[in-house]
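Student: What follows is a structure written as structure tokens; I'll ask about it next.
Computed from the coordinates by the stated procedures, all read-outs in this text should not be read as laboratory data. All figures in this text were calculated on a predicted structure; none of them were measured in a lab. All Cβ positions, even for glycine, are placed from backbone atoms using ideal geometry, and neighbour counts span all protein chains on display.
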Amino acid sequence: MLAVPRLARAQEDDAEALKLAEPDFTLIALPSSLRVPKFKGAFRVTHRFTRPLNDDFGDVAADFFGIDSGASIGLEYRFGVIPNGQIGVRRTNNRTVEFFSQYRVLPQSRSFVDVSAFASIEGTNNFKDSYSPALGAIVSRTLGDWAAVYVEPIWVNNTNDLPKALVDHNDTFVVGVGARVRIRPTVYIVAEAAPRPSGNKPGVTYGSFAVEKRAGGHIFQINFSNGFGTNMGEIARGGPVDNDWFLGFNISRKFF
């Protein structure tokens, strides 16, 4: 009887085991609590078409719902450096580079929630100009094998649309919220938003929803967002003021 809880905890803490309620390292753009095993890696592609969907239906359909338009594209790689700790880099085709790190401080097996520390810094022009650091936490809870919910308080610096301009308020406090629900054995629906309780608030509050399919070590996701942001600085700046919505997708691959 004493061996049973020890075995259950060992299985829950196994970073290489499939987490049915949390299969990927992000929701849509916001990070999740999933860990990269030590000395293992994962790759992700993000793609956001720039053609607004809430325009004249005939024009949108003629552009194949934005697929014929340009896109904001990101490439990401993350690596487990220590148990519970991971680092990564993401580059988008506007030449913004983001370095990020994440460390699980408190597992759900020892508390009501899972808590991870998160830090990132991004720079424009291939990390040569306009740096935007971010620091915060990822608080999550999985509900069996069918759902996971997230609250992510994150402070982001240098969120002005014109970073080199002098402004009174150039920080933004973001509280990311999101959930992933497993509706079929390998199919999920996902939603997230990034309200900004205080600080600089350019654009409209970021929001997104998606449907995704898990196939082995791959996750294929189709999403709809009111912005192109996949980095924390971009998310804090919000979406276009016209409140347009855009089609996009994510593809991720675990190498373990």
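Student: Once the Cα gyration tensor of the chain is diagonalised, what are the square roots of 5 times its eigenvalues, in whole Å and ordered largest first, as equivalent ellipsoid semi-axes?
Tutor: Working: eigenvalues 186, 97, 54 Å².
Result for the chain: semi-axes of 31, 22, 16 Å.
Student: Let me ask something else about it. Subtract the Cα-Cα distance of Ser111 and Ser69 from 0.36 nm times their separation in residues, and report this length gain in nm to one decimal. List each step's numbers first, then the result.
Tutor: Details: separation 42, 0.36 × 42 = 15.12 nm, distance 4.68 nm.
Extra length from Ser111 to Ser69 when fully extended: 10.4 nm.
Student: If the only charges are +1 at each Lys and Arg Cβ and -1 at each Asp and Glu Cβ, what is the size of the charge dipole of the chain around the Cα centre, to the nearest 20 debye?
Tutor: Working: 28 positive and 26 negative charges, 224 e Å.
Dipole size: approximately 1080 debye.
Student: To one decimal place, what orientation-averaged projected area in nm² is obtained for the convex hull of the Cα set of segment 112-256? Display every interim value, and only then the final one.
Tutor: Values: hull surface 39.9 nm².
Spelled out: convex hull of the Cα atoms, projected over all directions, averaged, 10.0 nm².
Student: Please turn the phi angles of segment 241-251 into ³J(HN,Hα) values with the Karplus equation 6.51 cos²θ - 1.76 cosθ + 1.60 (θ = phi - 60°), one per residue in order, whole Hz, x for glycine and proline.
Tutor: 5, 6, 6, 6, 10, 9, 7, x, 8, 10, 10
Student: What's the tally of Lys pairs in the chain whose alpha-carbon atoms lie under 24 angstrom apart, where the two lysines are 8 or more places apart or on different chains?
Tutor: Lysine pairs satisfying the spacing and distance rule in the chain number 10.
Student: Using alpha-carbon pairs under 8 Å, 6+ residues apart, how would you state the relative contact order of the chain in percent?
Tutor: On the way: 679 pairs, mean separation 48.5, N = 256.
It comes to 19 percent, rounded to a whole number.
Student: Could you identify which residue out of Glu16, Glu152, Glu98 has the top mean-square fluctuation in a GNM of the chain using Cα springs shorter than 10 Å?
Tutor: Glu16
Student: Further question: Using a simple spin-label model with points 7 Å from Cα along the Cα→Cβ vector, what separation in nm is obtained for Leu18 and Asn94?
Tutor: Between Leu18 and Asn94, the simple spin-label model gives 3.7 nm.
Student: Expressed in nm to one decimal, what extension gain is obtained for the pair Val175 and Phe224 from 0.36 nm per residue of sequence separation less their Cα-Cα distance?
Tutor: Values: separation 49, 0.36 × 49 = 17.64 nm, distance 1.99 nm.
Residue separation times 0.36 nm, minus the Cα-Cα distance, leaves 15.7 nm.
Student: Above 21 Å lies some portion of the pair distances; for segment 13-100, what is it as a whole percent of all C-alpha pairs? Provide the component values of the computation, followed by the final result.
Tutor: Numbers: 1760 of 3828 pairs.
Summing the P(r) tail past 21 Å for segment 13-100 gives 46 percent.
Student: A follow-up question, please. Take the Cα of Asp145, step 7 Å along the line toward its Cβ, and report every residue of segment 210-234 whose backbone nitrogen sits under 17 Å from that point.
Tutor: In segment 210-234, the label zone of Asp145 (backbone N under 17 Å from the point 7 Å along Cα→Cβ) covers 214-217.
Student: Below 12 angstrom from the Cβ of Pro133, what's the summed charge of the other residues (Lys, Arg +1; Asp, Glu -1)? Please report the intermediate quantities before stating the final value.
Tutor: On the way: positive: none; negative: Glu98, Glu122, Asp171.
That works out to -3.
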